[in-house]
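Undergrad: The structure's right below; bear with me while I get my questions together.
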Amino acid sequence: MDYFLTEEQVMIRDLARQIAEEKIVPVRAELDETGEFPWDVMKTLAQSDLFGLFIPEEYGGLGKGCLELTIAVEELSRACLGVSTTFAANALGTYPILLFGSDEQKKKFLPDIAAGKRLVAFGLTEANAGSDAGGTQTTARLDGNEYVINGTKQWITNGGAAEVYTIIAITDRSKGPRGASAFVIEKGTPGFTFGKKENKMGIRASATTELIFDNCRIPKENLIGKEGMGFVVAMKTLDNSRTGVGSQGVGVAQGALDEAVKFARQRVQFGHPVITFQAVQHMLADMATSIEAARALVYAVSRLVDSGSKDISKESAMAKVFATDMAMRVTTDAVQVMGGSGYMKEYPVEKMMRDAKILQIYEGTNQIQRNVIGQALIKEAARLK
Amino acid sequence: MKIVVCVKQVPDTAEVRINPETNTLVRDGVPSIINPYDLHAVEAALQIREAAGGEVTTLTMGPPQAENALRETVSMGVDRAVLLTDRLFAGSDTWATAYTLYKGIEHLGADIILCGKQAIDGDTAQVGPEIAEFFGMPHIAYVRKIVEVGNDRIVVQRLMDDGFDVVESSLPVLLTVVREINVPRLPSLKGKMAAKKAGILKLSAADLKAEEENLGLKGSPTQVKNIFAPEAKANRKVLSGSMEDNVAQLVNELVEMKCI
């Protein structure tokens, strides 16, 4: 379907697709098997300027918006969600600096991020703080001109691989949710180490580790925004990144549909290619239709974000929940259409199905997304009264 | 360091059709790409620039639409692109093509000239070395690695059937490169945006002060009589045993065949 993309947006899509097909598809099975970090692919993405897509031109980026990032993430996800998670988590980790950072912080970090020289990670989740960010236990105590960070973050995407970390820590427990603050911490800071690397069901090319802070001292200037703004920073960051997760869903589902259609045209049973059977055709038709509906929603919300709209929580949650539930269904159906072959590692759809599951879980589970949407409905209804 | 890379736009298909009347390639209606070997030459040039500094120019001879190929090289990061275009160039064989490119490079100036080892449409592998001959400069074909680039010398590895030679040459020099030399980079977004706006310098026969009788069909000594795939000949014999026996056997065979 034609989404009336600009010439530049088409250029971005074509380049991301070329990288996906030439540099990611040939290595995705091996990356999935070994769980190795895709450094070569990251280098290619850096050379292509894709890391700078959403970063303003004054910091060396291309100054594009959410829709451009959505388009690029979709194309990478079509080839491999592990790679696209690494790429998208970099944007996630950058948003706190981009949205709330001081000029000095932007000048210091954004040019290297735009050039792909330094990867970024976002650290919110902890053992007792998943869906409930209020359970955060990591602390930051001001001591002279330094903050002293203590605690452990878990399941942090790009952990270990990233050079820059934006994390949330409690600066004043007595203030509850208003007692959290956001910080930027560089790899190599004394007292900052990495824990175990997780062995995951899917997105195995992406690195997931613990971040361990043991009396890690960082300069006061590393506070992002003001003390007490931590959860605002986190929520606005997630509002901006959720469409990216939605586009991951669109991408992986499209990749799975492409494989299923290709296979169904070749696979002959009862003397005919299985795609000629209505039972198979209807499955493929439903898959294609739901992908297009999700893409339309994700693109529309991306455009809403780019319009500068202040409140995007509800819509971005809708894009995330709809596109990722769809991705789980479509990748599962792709395995079904391909039967035994789909279940085998010779074909990429079993990986796509394993990979897709995380989309319903990370960056706010789809249950939490529905809470966000539900609360927005209550608020809107109250306003009408 | 001035580096000029010669690139060619070729049809993107394994099935090149031949016009049976003129025995030349039919290019109409076939999508065009940059000759894949030439992309390796562009990458080699960009790597030399990154290591030793300088300026990379891509050069092609062709119709106005060859501009697209040049823009693609700009998106990879070359500094400028030059198109030699003139009706007088039409119908050039390898000799006339090499002459025209030679005049173009003479106009631009170059310390290092890079070409792909051959084009995938004509497959002659002649144009590169012919350009060097027009200049009277050294050339090294089938370069698989650039070892060292100095101000007035270059050291490269040349691919051979049984390994490689290490060759040193003075500058200026012409190199033709093989696939093994590198992996061509993909374009960057900034490069693509720059390529859209880039000015392509166009030069005509008059600009080059080229002699008209050397150009195009008129300047081409090659007359193609017929094009055909060579028949595979199964008539061969493999000798085995010791080297001494083989030599004696071979001499006997050749005498019997009245070759010696």
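The values are calculated or read from the model by the stated rules, or taken from the named source; none is laboratory data. Keep in mind that this is a model prediction, so the values were computed, not measured. Please note: Cβ atoms are built from the backbone with ideal geometry, for glycine as well, and neighbour counts cover all protein chains shown.
Undergrad: Out of A:Ser313, A:Ser302, A:Ser341, report the one residue that is over 17 Å from the mean Cα position of the chain (by Cα) and among the small types (Gly, Ala, Ser).
TA: One residue alone meets the criteria, A:Ser341.
Undergrad: Here's something else I'd like to know. With a cut-off of at least 2 residues that are within 14 Å of chain A (Cβ to nearest Cβ) and closer than 30 Å to A:Gly61 by Cα, name the helices (runs of 4 or more DSSP H) lying wholly within the range B:83-200.
TA: The qualifying helices (runs of 4 or more DSSP H) are B:189-197.
Undergrad: Here's another thing I want to ask about it. Of the residues that make up the range A:240-250, is at least one of a type in the set (A, V, I, L, M) and either assigned to a helix (DSSP H, G or I) or at pLDDT below 95 (or both)?
TA: So far as the range A:240-250 goes, yes, one or more of its residues are of a type in the set (A, V, I, L, M) and either assigned to a helix (DSSP H, G or I) or at pLDDT below 95 (or both).
Undergrad: Among the listed residues A:Leu53, A:Leu5, identify the single one that is within 11 Å of chain B (Cβ to nearest Cβ), touching a Leu at 6+ places or on another chain (Cβ under 9 Å) and of a type in the set (A, V, I, L, M, F, W, C).
TA: A:Leu53
Undergrad: As an exercise: evaluate B:Ser170 against (1) touching an Asp or Glu at 6+ places or on another chain (Cβ under 7 Å); (2) on the phi > 0 side of the Ramachandran plot and give the number of the one condition it does not meet.
TA: (2)
Undergrad: Of the conditions (1) surrounded by 12 or more Cβ atoms within 10 Å (Cβ to Cβ); (2) assigned to a loop (DSSP other than H, G, I, E, B), B:Ala248 fails just one. Which one is it?
TA: Among (1) surrounded by 12 or more Cβ atoms within 10 Å (Cβ to Cβ); (2) assigned to a loop (DSSP other than H, G, I, E, B), the lone unmet condition for B:Ala248 is (2).
Undergrad: Inspect the range A:335-346 for any residue being at pLDDT 95 or above, buried (at least 17 other Cβ atoms within 10 Å of the Cβ) and closer than 18 Å to A:Gly251 by Cβ and give the result as yes or no.
TA: yes
Undergrad: Please enumerate the residues belonging to the range A:153-166 that are under 15 Å from A:Pro190 (Cα atoms) and in a strand (DSSP E or B).
TA: Correct list: A:Val164, A:Tyr165.
Undergrad: Further question on the same structure: Suppose we filter the range A:31-49 for residues that are within 14 Å of another protein chain (Cβ to nearest Cβ) and more than 15 Å from A:Asp112 (Cβ to Cβ); how many remain?
TA: Within the range A:31-49, residues that are within 14 Å of another protein chain (Cβ to nearest Cβ) and more than 15 Å from A:Asp112 (Cβ to Cβ) number 4.
Undergrad: Sticking with this structure for a sec: Say whether the condition of being of a type in the set (D, E, K, R) and within 14 Å of another protein chain (Cβ to nearest Cβ) is met by at least one residue in the range B:214-222.
TA: The answer is no; no qualifying residue exists.
Undergrad: Against the definition (surrounded by fewer than 19 Cβ atoms within 10 Å (Cβ to Cβ), outside the structural domain of A:Gln367 (by TED's automatic domain parsing) and out of contact with any Leu (no Cβ under 6 Å at 6 or more places or on another chain)), how does A:Gly151 come out, yes or no?
TA: When the stated conditions are applied, A:Gly151 does not pass them.
Undergrad: I need every pair where a residue in the range A:185-201 that is touching a residue at least 40 places away in the same chain (Cβ under 8 Å) and in a loop (DSSP other than H, G, I, E, B) has its Cβ under 7 Å from the Cβ of a residue that is surrounded by 15 or more Cβ atoms within 10 Å (Cβ to Cβ) and not β-branched (Val, Ile, Thr), sequence separation at least 6 or different chains.
TA: A:Gly191/A:Phe213; A:Gly191/A:Cys216; A:Gly191/A:Arg217; A:Glu198/A:Trp155; A:Met201/A:Arg354; A:Met201/A:Lys357
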